[in-house]
1. Restricting attention to the stretch 103-118, report how many residues are part of a helix (DSSP H, G or I) and touching a helix residue (DSSP H, G or I) at 6+ places or on another chain (Cβ under 7 Å).
2. If I filter the stretch 20-31 down to residues being surrounded by fewer than 18 Cβ atoms within 10 Å (Cβ to Cβ) and not polar (S, T, N, Q), which single residue comes out as modelled with the highest pLDDT?
3. Sort out which residues of the stretch 166-198 are of a type in the set (A, V, I, L, M, F, W, C), modelled with pLDDT under 60 and either under 12 Å from residue 83 (Cα atoms) or not in a helix (DSSP H, G or I) (or both), and write them in order of number.
4. Being under 18 Å from residue 98 (Cα atoms) and charged (D, E, K, R) is the filter; apply it to the stretch 152-186 and report the residue that is surrounded by the fewest Cβ atoms within 10 Å (Cβ to Cβ).
5. Among the residues of the stretch 142-156, how many are out of contact with any Cys (no Cβ under 7 Å at 6 or more places or on another chain) and either at pLDDT 95 or above or closer than 18 Å to residue 126 by Cβ (or both)?
6. Collect the residues in the stretch 37-73 that are crowded, with 18+ Cβ neighbours inside 10 Å, among the aliphatic types (A, V, I, L, M) and not in a helix (DSSP H, G or I), keeping them in residue-number order.
7. Given the structure, is residue 103 in the same structural domain as residue 161 (by TED's automatic domain parsing), among the hydrophobic types (A, V, I, L, M, F, W, C) and in contact with a Phe, Trp or Tyr (Cβ under 8 Å, 6 or more places away or on another chain)?
8. How many residues are under 22 Å from residue 15 (Cα atoms) and touching a residue at least 60 places away in the same chain (Cβ under 8 Å) if we restrict to the stretch 106-144?
Amino acid sequence: MATAGRGPRGAAAIHAAVLDLLDTDGYAGLTIEGVARRSGVNKTTLYRWWPSKPALVAATFRHAIARDLPVPDTGTLRGDLVTLVRAKAAFLGAGPGRLAADVLAHTGADPELARLADELLGQHCAHVTEITARAGDRGELSGPVDDLLLADLLLGPVWLRAVVTHRPFPAADADALVDTLLAGLPTAPASRPSPPRAGHTR
């Protein structure tokens, strides 16, 4: 099975073919044979690296996330969290992220996709943990943070709009979400967002 950072020759074409076919045929209509035809890579090569359709789809989404969702490092806790929420909203709203959300609707019937969902959520929590660890090193946090709970609170509204209500998640909402959560974190005074001055609008 393929591991992170490795893949067959033509991996980029394979991942692009998976995304194209998910977009046109959905997860149910995707086949490894179809990916082989679309990518021009031999079917036996695909099976050598990914023994099942879920494994191939999972590898494609891991590749897309690593490429499109690097952990932000803006120099501040607020900046990192706002950038993370905005990036997650953009990712889930279009392209590979939208397709990933569609595929994860099948997790109840497929244990491998359920493991993928757990992995993606774990990756999201790892991003938050890295951000809060850096904030602690900078002296922005005055106490411990429950990273798992914070990760859930950050992703929950984004996921709800992307998957359930299909409403956009504009940048202003990302800012408001982070500012609301920061008010409940043990942040040092300097890292708390300053309220707008009277008569001042953003």
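The values are calculated or read from the model by the stated rules, or taken from the named source; none is laboratory data. Here the structure is a predicted model, which means the values were calculated and not measured. Glycine gets a Cβ as well: all are built from the backbone with ideal geometry, and neighbour counts include every protein chain shown.
1. Applying the first criterion (part of a helix (DSSP H, G or I)) to the stretch 103-118 yields 103-109, 111-118.
Filter once more, so that each one left must be touching a helix residue (DSSP H, G or I) at 6+ places or on another chain (Cβ under 7 Å): 103-104, 106-107, 112-114, 116-117.
Adding up the residues that qualify gives 9.
2. Applying the first criterion (surrounded by fewer than 18 Cβ atoms within 10 Å (Cβ to Cβ)) to the stretch 20-31 yields 20, 23-26, 28-29, 31.
Now drop any that are not not polar (S, T, N, Q), which leaves 20, 23, 25-26, 28-29.
Details: 20: 94, 23: 90, 25: 90, 26: 87, 28: 83, 29: 90.
So, considering only residues that are surrounded by fewer than 18 Cβ atoms within 10 Å (Cβ to Cβ) and not polar (S, T, N, Q), the one modelled with the highest pLDDT is 20.
3. First pass over the stretch 166-198, keeping only residues of a type in the set (A, V, I, L, M, F, W, C): 169, 171-172, 174, 176-178, 181-183, 185, 188, 190, 198.
Of the ones still in play, those that are also modelled with pLDDT under 60 are 190, 198.
Passing the criteria: only 198.
4. Among residues in the stretch 152-186 that are under 18 Å from residue 98 (Cα atoms) and charged (D, E, K, R), the one surrounded by the fewest Cβ atoms within 10 Å (Cβ to Cβ) is 167.
5. At the first step, the residues of the stretch 142-156 found to be out of contact with any Cys (no Cβ under 7 Å at 6 or more places or on another chain) are 142-146, 149-150, 152-156.
Of the ones still in play, those that are also either at pLDDT 95 or above or closer than 18 Å to residue 126 by Cβ (or both) are 144-146, 149-150, 152-156.
The number of residues fulfilling the criteria is 10.
6. 41, 69 - these are the residues of the stretch 37-73 that are crowded, with 18+ Cβ neighbours inside 10 Å, among the aliphatic types (A, V, I, L, M) and not in a helix (DSSP H, G or I).
7. Details: in the same structural domain as residue 161 (by TED's automatic domain parsing): yes; among the hydrophobic types (A, V, I, L, M, F, W, C): yes; in contact with a Phe, Trp or Tyr (Cβ under 8 Å, 6 or more places away or on another chain): yes.
It is true that residue 103 is in the same structural domain as residue 161 (by TED's automatic domain parsing), among the hydrophobic types (A, V, I, L, M, F, W, C) and in contact with a Phe, Trp or Tyr (Cβ under 8 Å, 6 or more places away or on another chain).
8. 4
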